[in-house]
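Notes follow the structure.
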């Protein structure tokens, strides 16, 4: 396989927070706690997890918008240090969740899109206007939107502007941090399709972050599932869908509301997501896990490859409902094709 | 995704520059307009002083000393009289205005620039620079300004205007710096500043091009108030003999000189006093108006329920089936300053005892407004303009306040999207629950604690004692929502309205909460209205679905029918546009083209017509009423009009 576009090794981002009382103890919140990932050119890696699992912090740390506590980030084959962030800024961009707070409220769309061009001197000054208008067209907006202020546009239009800003520097990687989560459902699909079209056109790689498993599945080639600062499972989308190895992934998939008749009983998780400042010992999922054993309380499971291309951090990734996963996996596939036309 | 209010800002037409808008905004407030008039008069007087003044302000004429003003027996030569040296008071007042304004405005500019810059840097870069600047500011604020000014000015033998400007202006920085700094602290955390960093903007560029345009607006208001204060200070210093030196004219000097002749000619001190007062007052009035315009949140809002007049036929709608709640042709409007927005139009639905009704819609669909109308808690100026809300035979839009208040909480409960903001942050969960128990259910004191525990257990909280002792901020969103449900259910209401109860929660928590909600409402035979933007959610949890779009019901029917056999193109599009787990790989989502309609400018005809794949000519002309498409199933679409169906058949 060719060299990945972005490679993250054992990335940590810790925050110090003081407890509520005066002179309270300083505790360390391990928002990102040893994440290793890679993304290839033109690929979408989905990252799914619930609030507080550290997915947004990961997004920001990868782009050096927050400085990593430790770990290695390699982009286009070169290891990056923080002072080289400018190099990264031309190759990797971000689209934020909230189309209202992610655009400067008093700047015209034209200036918002021109700024990256001017900063990196990407086009001669007299062509900036043309480039801005063509960027607007690329994201499906009319070129006369350039004279508008952000508040004059709807949420969907604003998010298109956010995407155009990210595209201005012609990046190879775009991090989409909950990019459609605050949009209305009827507009969300437009933006997802736009992101797909842009990917095909510019051979973009996406790190697509969302709490919505349905959206992540639609967008991604591979999916990473994050829980409390760590990746607990990583697999190609269709395989994850057919046979999730980690019990948390299964619970997550089961919790998504569906318009179809549910086949099995819903896996009901007990309890609350743990406090990231005070994670449980051993596997951080064990207090809520329906199949927890004594070992889960003591030993943190490593993220390891159980089957070709299938990694999971669970002591019992292969011991689920009795049948061997390989069989079940093929069963799952057959069942899937059986449902088809 | 709150749609309690129509999104007004996005359609606000741009009218001229920000300054012009601010001026127009101020001018609409009569008190502020009076202030503007005052400021204009004073500005005009000081600018045109050389033209307006009948005499040179320094020209002495001892033969005409202490002449009275014209209304006190003086002559038209000296309208406001003369001072002991025979100088014309009117001329001295005009030139005094000039000096006062030049000095205080310059001092204000100096102070505000200094404060804006230091505040921006301190807030943006933080760290040691911030601590240093703010400590210097603290020390300065602890030291009386007037003492400092006297100390400095007293040592200067020859004072001129520049000295005064420096002494008055520089100490003002801290007032600006503090406010600007706190604004920068809030602003720099926003995503657009992060985005600027991501596109490679240096910190100086982020500060100048991104943060500055969002924070400078706080300066003009402080600056105006500051000018008023500086005019007073300048007069005070002149009065004490530390300001401009004679023969220059200054209001403070005139006041000091007038004091000596207080008994003979009181007007000499009253007139400059009045001038100072009028100027400061005008400036403050303008500043207040400006603050209102810049921050519209300061405007007063009020909640007032409006009753509909009793209709003759109000009780005539008994119907054949006993429904707990029947909403008929409900219309709600929000009058804005220049137009009226129809947020809900002719909405009808029914809910039977023990049934769960799901209302699905996107922002601006009117789903939350409908819910708030049922419980009669519409935010002002929203009002129900037509229709009936029949709850157990009584029309909630027409019963008096005290009857409505008796229903709220006891027979109709409501839970909201953000549980943490629905709970009181400074009271423990136990206290708040006990309060609800006492008020709604009249539980005897002895049993309150055990009842609270039972209530929490009934919503799946395993260790109620721990939760009862905690405060809302110590609990997760899911826990708080459980507490809200437990509280809403204490009175065993007949109807519970849940407005996006799980939207702010994680999926795994959402599944738990909805199951709990289902269990507890089934157990107590409570009807549930579940409002959400997620059609899959109501498909799983509701018996009946009402789909709303642009303030109207476009489809309603049994949940299984609506989901498996949607009849309205919008429902169908909604079902197809959400990426589902079931979606096969490689299949492209069918996105609905276009944008949600602006509630203030709805199209003629069917509101979905501009985005509809099956639009016909009639759709852009006539807004379709609901047509029956099956048992208890209706769709407001011309495709289902009886004459259309005949055509299809033939």
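Taking the criterion of being in contact with a helix residue (DSSP H, G or I) (Cβ under 7 Å, 6 or more places away or on another chain), more than 8 Å from every other protein chain (Cβ to nearest Cβ) and surrounded by fewer than 22 Cβ atoms within 10 Å (Cβ to Cβ), would at least one residue in the range B:570-585 satisfy it? No, there is no match, as no residue in the range B:570-585 is in contact with a helix residue (DSSP H, G or I) (Cβ under 7 Å, 6 or more places away or on another chain), more than 8 Å from every other protein chain (Cβ to nearest Cβ) and surrounded by fewer than 22 Cβ atoms within 10 Å (Cβ to Cβ). Checking each residue in the range A:115-146 for being within 18 Å of residue B:199 (Cα to Cα), within 13 Å of chain B (Cβ to nearest Cβ), without any contact (Cβ under 8 Å) to a residue 24 or more places away in the chain and not in a helix (DSSP H, G or I) picks out only A:121.
Scanning the range A:187-211 for residues that are within 12 Å of chain B (Cβ to nearest Cβ), out of contact with any helix residue (DSSP H, G or I) (no Cβ under 6 Å at 6 or more places or on another chain) and without any contact (Cβ under 8 Å) to a residue 60 or more places away in the chain turns up A:188, A:190, A:192, A:193, A:194, A:195, A:196, A:197, A:200.
Within the range B:173-192, can you find the residues that are closer than 26 Å to residue B:141 by Cβ and without any contact (Cβ under 8 Å) to a residue 12 or more places away in the chain? Within the range B:173-192, B:186 is the sole residue that qualifies.
Looking across the range B:431-448, the residues that are in contact (Cβ under 8 Å) with a residue 12 or more places away in the chain and over 19 Å from residue B:494 (Cα atoms) come down to B:432, B:433, B:434, B:448.
Would you mind stating whether residue B:150 is touching a residue at least 12 places away in the same chain (Cβ under 8 Å), farther than 14 Å from residue B:234 by Cβ and assigned by TED's automatic domain parsing to the domain that holds residue B:246? It would help to see each step written out before you state the result.
On the way: touching a residue at least 12 places away in the same chain (Cβ under 8 Å): yes; farther than 14 Å from residue B:234 by Cβ: no; assigned by TED's automatic domain parsing to the domain that holds residue B:246: yes.
It is false that residue B:150 is touching a residue at least 12 places away in the same chain (Cβ under 8 Å), farther than 14 Å from residue B:234 by Cβ and assigned by TED's automatic domain parsing to the domain that holds residue B:246.
Could you please find all residues in the range B:489-514 being under 20 Å from residue B:412 (Cα atoms) and within 29 Å of the chain's Cα centre (by Cα)? Working first, answer last.
Of the residues in the range B:489-514, the ones under 20 Å from residue B:412 (Cα atoms) are B:489-502, B:513-514.
Within the range B:489-514, B:496, B:497, B:498, B:499, B:500, B:501, B:502 meet the criteria.
Scanning the range B:193-230 for residues that are touching a residue at least 60 places away in the same chain (Cβ under 8 Å), within 10 Å of chain A (Cβ to nearest Cβ) and surrounded by fewer than 19 Cβ atoms within 10 Å (Cβ to Cβ) turns up B:212, B:216, B:217. Please find, within the range B:137-147, the residue that is surrounded by the most Cβ atoms within 10 Å (Cβ to Cβ) out of those that are more than 17 Å from residue B:107 (Cβ to Cβ) and touching a residue at least 12 places away in the same chain (Cβ under 8 Å). This residue is B:137.
Each row is one residue, and each column tells you yes or no for (1) in contact with a strand residue (DSSP E or B) (Cβ under 8 Å, 6 or more places away or on another chain); (2) closer than 13 Å to residue A:207 by Cβ.
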site: A:16; (1), (2): yes, no
site: A:35; (1), (2): yes, yes
site: A:43; (1), (2): yes, yes
site: A:72; (1), (2): yes, no
site: A:78; (1), (2): no, no
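When residue A:112 is tested against the conditions (1) more than 9 Å from every other protein chain (Cβ to nearest Cβ); (2) in contact with a helix residue (DSSP H, G or I) (Cβ under 7 Å, 6 or more places away or on another chain); (3) in contact (Cβ under 8 Å) with a residue 12 or more places away in the chain; (4) in a helix (DSSP H, G or I), the lone failure is (1).
Here residue A:149 passes the criteria (1) away from every other protein chain (no Cβ under 12 Å); (2) in contact (Cβ under 8 Å) with a residue 24 or more places away in the chain except the one numbered (1).
All of B:175, B:167, B:89, B:184 fail the test of being modelled with pLDDT under 90 and surrounded by 20 or more Cβ atoms within 10 Å (Cβ to Cβ), apart from B:89.
Of all residues in the range A:258-277, those satisfying the criterion of being loosely packed, with under 13 Cβ neighbours inside 10 Å and either farther than 23 Å from residue B:480 by Cα or in contact with a strand residue (DSSP E or B) (Cβ under 7 Å, 6 or more places away or on another chain) (or both) are A:261, A:262, A:263, A:264, A:265. Does residue A:103 count as assigned to a loop (DSSP other than H, G, I, E, B) and surrounded by fewer than 19 Cβ atoms within 10 Å (Cβ to Cβ)? So residue A:103 does not fit the description; no. Number of residues in the range A:286-308 that are part of a loop (DSSP other than H, G, I, E, B) and out of contact with any strand residue (DSSP E or B) (no Cβ under 6 Å at 6 or more places or on another chain) equals 10. Residues in the range B:432-469 that are more than 37 Å from the chain's Cα centre (by Cα), closer than 30 Å to residue A:288 by Cβ and surrounded by fewer than 19 Cβ atoms within 10 Å (Cβ to Cβ): B:449, B:450, B:451, B:453, B:454, B:457, B:462, B:463, B:465.
Only helices (runs of 4 or more DSSP H) whose full extent lies in the range B:212-301 are considered here, and the ones with at least 3 residues that are under 30 Å from residue B:118 (Cβ atoms) are B:212-215, B:218-239, B:267-294. Residues that are in a loop (DSSP other than H, G, I, E, B) and away from chain B (no Cβ under 11 Å) were ranked within the range A:162-177; the one that is surrounded by the fewest Cβ atoms within 10 Å (Cβ to Cβ) is A:170.
Condition check for residue B:502 on (1) more than 9 Å from chain A (Cβ to nearest Cβ); (2) surrounded by fewer than 24 Cβ atoms within 10 Å (Cβ to Cβ): one failure, at (2). Under the condition of being free of Cβ contacts under 8 Å to residues at least 40 places away in the same chain and under 28 Å from the mean Cα position of the chain (by Cα), which residue from the range B:470-488 is surrounded by the fewest Cβ atoms within 10 Å (Cβ to Cβ)? Checked the range B:470-488; the qualifying residue surrounded by the fewest Cβ atoms within 10 Å (Cβ to Cβ) is B:474.
On the basis of being under 20 Å from the mean Cα position of the chain (by Cα), away from every other protein chain (no Cβ under 11 Å) and under 28 Å from residue B:464 (Cα atoms), does residue A:244 make the cut? No, not satisfied.
Against the criterion of being part of a strand (DSSP E or B), assigned by TED's automatic domain parsing to the domain that holds residue A:113 and either at pLDDT below 90 or touching a helix residue (DSSP H, G or I) at 6+ places or on another chain (Cβ under 6 Å) (or both), residue A:86 does not qualify.
Of the strands (runs of 3 or more DSSP E) that lie entirely inside the range B:518-580, those containing 2 or more residues that are under 19 Å from residue B:496 (Cβ atoms) and in contact (Cβ under 8 Å) with a residue 24 or more places away in the chain span B:527-532, B:544-549. For residue B:491, the conditions (1) surrounded by fewer than 22 Cβ atoms within 10 Å (Cβ to Cβ); (2) in contact with a helix residue (DSSP H, G or I) (Cβ under 8 Å, 6 or more places away or on another chain); (3) more than 10 Å from chain A (Cβ to nearest Cβ); (4) in a helix (DSSP H, G or I) all hold with the exception of (4).
The values are calculated or read from the model by the stated rules, or taken from the named source; none is laboratory data. Quick caveat, the model's predicted, so the values are computed rather than measured. Glycine also receives a Cβ, built like all others from the backbone with ideal geometry; neighbour counts cover every protein chain displayed.
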